[in-house]
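Enquirer: Can you keep this structure in mind? I'll have questions shortly.
The numbers here are math on the coordinates, done by the rules we state, and not lab data. These numbers were taken from a predicted model, which means no experiment stands behind them. Cβ sites come from the backbone with ideal geometry, for glycine too, and all protein chains shown count toward neighbours.
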Amino acid sequence: MAMAMSSSSCKHRLLVLAMLVLAAMASTKAVAAYLYDDIKVTWGSGCSYFYMDQDMDTLALCLDRSSGSGFSSNGSYLYARYDMDIKLVVNDSAGTVATFYLMPDDVPWEYHDEVDMEFLGNATGEPYTLHTNVYVNGAGGREQQFQLWFDPTQDFHTYSIEWNPKYIIFLVDDTPIRAYKNDRARGVPFPTWQSMRAEGSLWNAEEWATQGGRVKTDWAQAPFYAYYRNFRVTPCVPSPGVAWCGDEPPESTWFDQRLDAAALQRVQAENMIYDYCGDQKRFNETGFPVECTMA
């Protein structure tokens with residue numbers, strides 16, 4: 001009887017082990033989704049391509065004299081966090097712009113919302129500029145610019161846009177660099193009703209991108225490449241007991257927990273090089289936008 005129990009116990013342990021192995025294999029298979037299952041190249045140069053880099057599915061976007069290139073996510077969401085790992089154009093990238101941004105499907109411009117992260121190329125040895133902007137109902141002009149505190153051409157870094165009913169938060173390697181607050185009750189425009197896809201592109205903007213257009217694209221360096229991988233979307237989660245994020249009560253502080261205010265203040269003090277809310281010359285005649293006058 002003792003031997004029978006031992007054999008039965010052994011078979012039971014082997015069965016459990018086999019089930020665990022199968023579960024692990026299934027989990028690995030689910031995680032290892034291909035990038036081209038989540039995004040598609042939507043326009044541009046025929047020199048863009050998908051490839052494997054250190055077991056990571058990667059998209060190389062290309063810019064040459066004939067065309068830039070771009071991609072779009074297959075899914076769209078109303079409130080979510082979008083993350084992408086990006087390695088930017090190396091060496092002399094003056095005139096080029098690589099982007100990661102949110103945009104709805106085709107709508108008339110007067111209803112167009114957009115959330116932009118644009119990486120402005122540089123002459124060799126100069127820092128990259130990260131240009132951010134928010135469009136609501138076709139109107140932008142809400143630019144903030146930052147100099148990155150690392151060389152974004154030597155390795156992949158994570159760039160994120162978190163969009164919830166209270167904030168649009170721009171992050172670099174999980175560090176917030178900008179927070180655009182929803183204060184519609186006091187007249188601040190904010191995107192709230194149309195789902196948006198993640199988009200990315202690499203294109204030529206030599207008329208304005210580098211030192212205000214003074215430094216032009218050196219086509220002898222072409223083709224230029226920017227690399228994208230590890231795209232993730234995390235749909236917005238409401239506080240317990242709330243049906244969905246759009247129903248979060250105005251007095252709720254649930255989304256404030258998503259923002260590291262101390263880190264945001266530090267980056268803005270040390271790395272911001274332009275803020276539209278501080279541009280006296282620009283708004284001398286019209287007055288500052290309403291969000292710039294709020295504490």
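Enquirer: For helix 2-31, report the angle its Cα long axis makes with the longest principal axis of the Cα atoms of the chain; keep it between 0 and 90° and round to the nearest 10°.
Expert: It works out to around 20 degrees.
Enquirer: If I fit a long axis through the Cα atoms of helix 261-271 and take the longest principal axis of the Cα atoms of the chain, what angle between them do I get, 0 to 90°, rounded to 10?
Expert: 50
Enquirer: Can you compute the modelled spin-label distance between Ile273 and Asp256, with each label point 7 Å from Cα toward Cβ, in nm?
Expert: Label-label distance for Ile273 and Asp256, simple model: 3.4 nm.
Enquirer: Note down the nm distance, to one decimal, between modelled labels 7 Å out along Cα→Cβ at Gln54 and at Ala263.
Expert: 2.1
Enquirer: How large is the helix-only mean residue ellipticity at 222 nm for the chain, computed as the sum of -39500 (n - 2.57) over DSSP H runs with n ≥ 4, divided by its residue count, in deg cm²/dmol to the nearest 500?
Expert: On the way: 2 runs with 41 residues, N = 295.
Value at 222 nm, helices only: -5000 deg cm²/dmol.
Enquirer: What do you get for GluC sites (Glu not before Pro) in region 210-292 restricted to DSSP loop and a cutoff of at most 16 other Cβ within 10 Å of the site's Cβ? Working shown, then result.
Expert: Numbers: sites: Glu251, Glu270, Glu285, Glu291; in loops: Glu251, Glu285.
Filter output for region 210-292: Glu251, Glu285.
Enquirer: Cα centroids of region 145-167 and region 52-104: how far apart, whole angstrom?
Expert: Cα centroid to Cα centroid, the span is 13 Å.
Enquirer: Within the chain, what's the longest run with no chymotrypsin sites (Phe, Trp or Tyr not before Pro) in a DSSP loop and at most 10 other beta-carbon atoms within 10 Å? Give the range, please.
Expert: Numbers: sites that count: Tyr34, Trp193.
That would be 35-192.
Enquirer: Which one, Phe100, Ser45, Pro191, is farthest towards the positive end of the dipole of region 40-293 when Lys and Arg carry +1 and Asp and Glu -1 on their Cβ?
Expert: Pro191
Enquirer: Cβ under 13 Å from Asp105's Cβ, Asp105 left aside: what net charge do those residues give with Lys, Arg +1 and Asp, Glu -1? Mind showing how you got there, number by number?
Expert: On the way: positive: Arg197; negative: Asp106, Asp113, Glu114, Glu199.
With Lys, Arg at +1 and Asp, Glu at -1, the neighbours total -3.
Enquirer: Also, I was wondering about something else. Apply the Karplus parameterisation 6.51 cos²θ - 1.76 cosθ + 1.60, with θ equal to phi minus 60°, to every residue of region 91-106 and state each ³J(HN,Hα) to the nearest whole Hz, in sequence, with x for glycine and proline.
Expert: Karplus values, whole Hz, x for Gly and Pro: 6, 7, 10, 3, x, 8, 9, 9, 9, 9, 7, 10, 7, x, 5, 3.
Enquirer: Counting C-alpha atoms alone, how compact is region 40-293: give Rg to one decimal and Dmax as a whole number, in angstrom.
Expert: For region 40-293, the Cα radius of gyration and maximum Cα-Cα distance read 18.3, 59 Å.
Enquirer: Here is a follow-up. Explain nothing, just the number: relative contact order of region 40-293, from Cα pairs under 8 Å at least 6 residues apart, as a whole percent. Walk me through the numbers before you get to the answer.
Expert: Values: 559 pairs, mean separation 68.9, N = 254.
For region 40-293, the relative contact order is 27 percent.
Enquirer: Please give the length that would be gained between Asp247 and Ser195 if that part of the chain were fully extended, namely 0.36 nm times their separation in residues minus their C-alpha to C-alpha distance (nm, one decimal). Spell out each step's value before the answer.
Expert: Values: separation 52, 0.36 × 52 = 18.72 nm, distance 1.59 nm.
That pair, Asp247 and Ser195, stretches by 17.1 nm at full extension.
Enquirer: Sticking with this structure for a sec: Only Lys, Arg, Asp and Glu count, each charged at its Cβ (+1, +1, -1, -1), so figure out the dipole size of the chain about its Cα centre, rounded to 20 debye.
Expert: For the chain, the charge dipole is close to 780 debye.
Enquirer: Sticking with this structure for a sec: For the residue pair Ala185 and Glu110, what label-to-label distance in nm results when each label sits 7 Å from Cα along the Cα-to-beta-carbon direction?
Expert: It works out to 2.9 nm between the two label points.
Enquirer: Using θ = phi - 60° and the Karplus curve 6.51 cos²θ - 1.76 cosθ + 1.60, what whole-Hz ³J(HN,Hα) does each residue of region 78-90 get, with Gly and Pro shown as x?
Expert: Rounded to whole hertz, the list is 9, 6, 5, 10, 10, 10, 9, 8, 9, 10, 8, 4, 8.
Enquirer: Which of rounded, prolate, oblate describes region 246-295, given a ≥ b ≥ c as roots of the alpha-carbon gyration tensor eigenvalues and a/c under 1.5 marking rounded, otherwise prolate only if a/b is larger than b/c? Write down the numbers at each step before the final one.
Expert: On the way: a/c = 3.99, a/b = 1.47, b/c = 2.71.
Oblate shape, in that a/c is at least 1.5 and b/c is the bigger or equal ratio.
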